[in-house]
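Here, each number is a calculation from the coordinates, and none is a lab measurement. On a predicted model such as this, the values are computed, not experimentally measured, just so you know. For neighbour counting, all protein chains shown are included, and Cβ atoms are generated from backbone atoms with ideal geometry for every residue, glycine included.
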Amino acid sequence: MPTTLQAQTPVTAAKKDPKLANNWKTKPAEELTDAEVLSMPDGEYMNEKQLAFFRHKLVQLKQDMHNNAGETTEHLREDTVVVPDPADRATIEEEHALELRTRDRERKLLKKIEQSIARIDAGDYGYCDETGEPIGVGRLLARPTATLSLEAQQRRELKQKMFGD
């Protein structure tokens with residue numbers, strides 16, 4: 001049954017809280033919340049505070065992934081005991097495989113995080129690779145490694161659906 005792209009991805013407008021609109025002026029970037037960054041005026045898009053906020057968010061995400069990788073290594077070492085029951089052994093192996101697949105996905109995400117940090121340094125962060133238009137704070141909060149605006153991403157997904165990779 002064919003479905004349209006818009007039926008698959010509901011778009012909800014991010015609400016700006018007028019009470020938070022000026023909080024960014026007095027707080028350091030590391031202390032800003034998502035709601036405060038979202039409430040910043042559109043004219044302040046990708047100013048120094050927003051760039052510092054997203055850099056901090058990306059660095060924190062990167063650090064969390066490195067911590068998870070260390071925990072995975074420890075977890076895999078601990079679970080190498082010999083289990084005589086084949087069902088238990090299969091369960092342990094499946095858990096290891098799932099954990100390794102998750103780490104592989106995180107490894108790929110780490111590359112995107114590094115690219116996003118480089119884009120911040122280059123001054124390109126927050127703008128669509130295809131159109132040059134702003135990606136939008138709401139989308140960047142949801143996916144800090146986004147390189148395409150929502151419309152460009154939808155066009156790309158539609159092309160992939162129609163013509164394959």
Within the range 128-145, count every residue that is over 16 Å from Met40 (Cβ atoms), surrounded by fewer than 17 Cβ atoms within 10 Å (Cβ to Cβ) and over 13 Å from the mean Cα position of the chain (by Cα). 5
So which pairs qualify, if the first residue must be in the range 60-78 and among the polar types (S, T, N, Q), the second must be assigned to a helix (DSSP H, G or I), the Cβ gap must be under 9 Å, and the two must be at least 6 apart or on different chains? Asn68/Thr102; Asn68/Arg103; Asn68/Glu106; Thr72/Glu99; Thr72/Leu100; Thr72/Thr102; Thr72/Arg103
Do we find a residue being closer than 24 Å to Leu38 by Cα and hydroxyl-bearing (Ser, Thr, Tyr) anywhere in the range 98-110? no
